[in-house]
1. Using a Gaussian network model of the chain with C-alpha springs under 10 Å, which one of 284, 124, 37 is most mobile by mean-square fluctuation?
2. To the nearest 10 degrees, how steep is helix 109-126 against the longest Cα principal axis of the chain, on a 0 to 90 scale?
3. I need the shape label for region 153-204. Rule: rounded when a/c is under 1.5, else prolate if a/b > b/c, else oblate, with a, b, c from the alpha carbon gyration tensor.
4. Using Cβ counts within 10 Å as a stand-in for footprinting exposure, how do 45, 400 rank, fewest first?
5. Counting trypsin sites (Lys or Arg not before Pro) as exposed when in a DSSP loop with at most 16 other beta carbons within 10 Å, what is the longest stretch of the chain free of them?
6. Residue 122 to residue 160: FRET efficiency via 1/(1 + (r/R0)^6), r the Cβ-Cβ distance, R0 35 Å, to the nearest 0.05?
7. Between the helical axis of 12-25 and the dominant principal axis of the chain, each derived from Cα atoms, what acute angle in degrees is found, rounded to the nearest 10?
8. Taking only the C-alpha atoms, wrap a convex hull around region 138-267 and report its volume per residue in Å³ as a whole number.
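Coordinate-derived values only; no laboratory data. Keep in mind that this is a model prediction, so the values were computed, not measured. In this analysis, Cβ positions are derived from the backbone assuming ideal geometry, glycine residues included, and neighbour counts consider all displayed protein chains.
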Amino acid sequence: MQLRIPRTQLTVDELNFHIQGLFASDAALKSVVVFGEISEIKRHTSGHCYFTLLGEESRVACAVFKQYAGFIPQWPESGDKVLVEGSVGVYPQRGVYQLYARRLIPAGAGAVERARRELQERLEKEGLFAPALKRPIPRYPSRVAVVTSETGAAAWDVVQVAARRYPACGIVVVGAQVQGAEAPGEIVRALSRAAALPGLDCVLLVRGGGSREDLVPFDDERVVRAVRACPVPVVSGVGHDVDTTLCDMAADLRASTPSAAAELVFPDRAELAARLSKTASRMEYAVRENIRKQRVHLAHALSSAASRTRRRLSEGTASLAAAGRRLSAAMALRLADAGAALAVRSASLDALSPLAVAARGFVTCERGGRRVRSVRELNAGDEVELRFADGKAAAAVKETLIT
């Protein structure tokens, strides 16, 4: 018996959309990195970019949509070796599958350097590398983040230098892949996580040595902008002395190696101790010298004050003596004047005094303690008292005669 295989009848649209769904459901095709050679690159007026990526024996159509095209520098040319990061999908209108690129990473030495130069020129025009943007590194940091591979030697180098030079500082290693196509995204995310750490003073972005191609992630525009946008100062220590990346140019301070970067950030405790000792000696000398000067100044001030006091006392004594003499003379003159006036008044009083009259032989008569002024006040038999200049006598009235 002949086996009959059932067939499903589809339209062209249904077939293409079905295949498109298969591509969309494959997680492996949503994020791929494909190596190849650029061919037939074209920039459309819409802002989209189209090219073909060649392999050894096959090719794949590629498209870069407008929202991603702005991140691609002017370096892509036919013949350039690149890594294309993106997703694979179906373009049903033409019945072909395409690689939808989000990012192009130069892979050949010439293309890499050309891309770096062109990006450097563009960022320099923006002022991203301006010296005025460089921030000072804290002299005595309390907490530092190290962005690097958690399994690499760079993190260990930084920790060792910090432990030797400045163990008081806390260190937080923020892991990130520092090599390969995924490195730029991971470095940007690591910088963001580091910036969110509380009490952070500084960030070290480091990785060990390698070929110049290994440092390509540190020439990525996203990483360069993330370094410049970090809210705390960033010190880069990437590669060796001969290697300079765009991150080095954007960082606030650049070192040739991770260890050199750590030595720039962490002060030497032995040097600090010596500096503190020297400062303490200078302060002690300054205090003693100041005390000596103050003592000399105080002695001079006391001597001057004593001299001024003696002079003022002498001047005051002389002034007081002169005033005493003037007062004595004035008092003598006033007493003489008062004595003369008193003599005149005494003479006047003596002239009017009853005693003076009595001294001339006159007698006063009193009765009952009251002076008798007229004979008419007396009657025969009254007892009276007669006052003389030198005494008094009791008498009785025999008779009165009125003249």
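1. Among 284, 124, 37, the largest GNM mean-square fluctuation belongs to 284.
2. For 109-126 against the chain, the angle is about 30 degrees.
3. oblate
4. Listing 45, 400 from fewest to most nearby Cβ atoms yields 45, 400.
5. 140-359
6. It comes to 0.35.
7. The answer is roughly 50 degrees.
8. 83
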